[in-house]
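The values are calculated or read from the model by the stated rules, or taken from the named source; none is laboratory data. Values in this document were obtained by computation on a predicted structure and should not be read as measured data. Cβ placement follows ideal geometry from the backbone for every residue including glycine, while neighbour counts extend to all protein chains displayed.
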Amino acid sequence: MVLHSFGPALSGMAWALKTQRNLQVHATATVLAGVFGIWLQIADWEWCVVLLAIGLVWAAELLNTALEVLADRVSKEREEPIRLVKDAAAGAVLAAALAALGVGLVVFLPKLGRLF
């Protein structure tokens, strides 16, 4: 039963990754975090925090994308309720991205500082 959910979920992620520039930026940041994590040999607990931060950003961006598509379907005009929904969803992505940036700074900066 649960496995049937993976198809639509992966399809939605693939569509969003293909069409949404911001998600492409997050994908690049994900790869960079992985490369830095391997290169700097971060601890297991640091991997957990980094992966949670990455997952939070991706989830927020995917939800933001879904809300934008739905809001555009309801009304292409910049009506106040639609604008508020889109702005709040974008704010959620910003909050997640800033939290992930904070995690990256705390995890990676000290290790980079010791190298240089």
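Quick notes
Every residue, every condition in (1) small (Gly, Ala, Ser); (2) modelled with pLDDT of 95 or more; (3) surrounded by 15 or more Cβ atoms within 10 Å (Cβ to Cβ); (4) assigned to a helix (DSSP H, G or I), yes or no:
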position	(1), (2), (3), (4)
Leu17	no, yes, yes, yes
Val25	no, yes, no, yes
Val35	no, yes, no, yes
Val49	no, yes, yes, yes
Gly55	yes, yes, no, yes
Gly91	yes, yes, no, yes
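- Within the range 57-89, the set of residues being exposed (fewer than 15 other Cβ atoms within 10 Å of the Cβ) and in contact with a helix residue (DSSP H, G or I) (Cβ under 6 Å, 6 or more places away or on another chain) comprises just one member, Ser75.
- Sole exception among (1) touching a residue at least 24 places away in the same chain (Cβ under 8 Å); (2) assigned to a helix (DSSP H, G or I); (3) under 25 Å from Val107 (Cβ atoms); (4) not small (Gly, Ala, Ser) for Ile42, by number: (2)
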